[in-house]
């Protein structure tokens with residue numbers, strides 16, 4: 001959630017808003033092979049939907065706004081909340097994939113950790 005390297009916790013995990021770094025600037029841990037793909041937007045929609053919809057229903061039961069005002073308020077609220085949650089969701093999924101040592105989809109079979117290799 002802090003968007004920092006899950007290995008050392010010092011350097012940023014994201015180079016910009018959503019672009020992840022190839023490796024940690026502090027400890028050198030590689031992150032270029034990790035891909036979160038559709039998981040961060042999925043989590044963002046789930047969180048924002050579960051926050052905005054009950055909030056809108058509750059507020060709308062006490063306040064009567066014109067439809068255009070209510071639409072603008074709740075759309076902007078959802079947009080702002082999505083902008084806050086999305087990079088944090090990406091950091092969470094990148095750290096989870098890293099901690100589970102899940103191989104990235106672009107890694108070759110010789111670099112997949114534990115993929116099909118048996119001792120003996």
Residue 50 fails exactly one of the following numbered conditions: (1) loosely packed, with under 12 Cβ neighbours inside 10 Å; (2) modelled with pLDDT under 95; (3) under 25 Å from the mean Cα position of the chain (by Cα). What is the number of that condition?
(2)
Those residues of the stretch 7-31 which are free of Cβ contacts under 8 Å to residues at least 12 places away in the same chain and in a loop (DSSP other than H, G, I, E, B) amount to 9, 15, 16, 19, 21, 22, 28
Condition first: modelled with pLDDT under 90, loosely packed, with under 14 Cβ neighbours inside 10 Å and in a helix (DSSP H, G or I). Now tell me which residues in the stretch 60-109 satisfy that.
99
Name the residues in the stretch 30-47 that are surrounded by 14 or more Cβ atoms within 10 Å (Cβ to Cβ) and modelled with pLDDT of 90 or more, would you?
39, 40, 41, 43, 44, 45, 47
Within the stretch 1-29, track down each residue that is crowded, with 17+ Cβ neighbours inside 10 Å, more than 18 Å from residue 100 (Cβ to Cβ) and in contact with a helix residue (DSSP H, G or I) (Cβ under 7 Å, 6 or more places away or on another chain).
14
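The values are calculated or read from the model by the stated rules, or taken from the named source; none is laboratory data. Just so we're clear, the structure is a prediction, and the values are computed from it rather than from any experiment. So basically every Cβ, Gly included, is an ideal-geometry build from the backbone, and we count neighbours across all protein chains shown.
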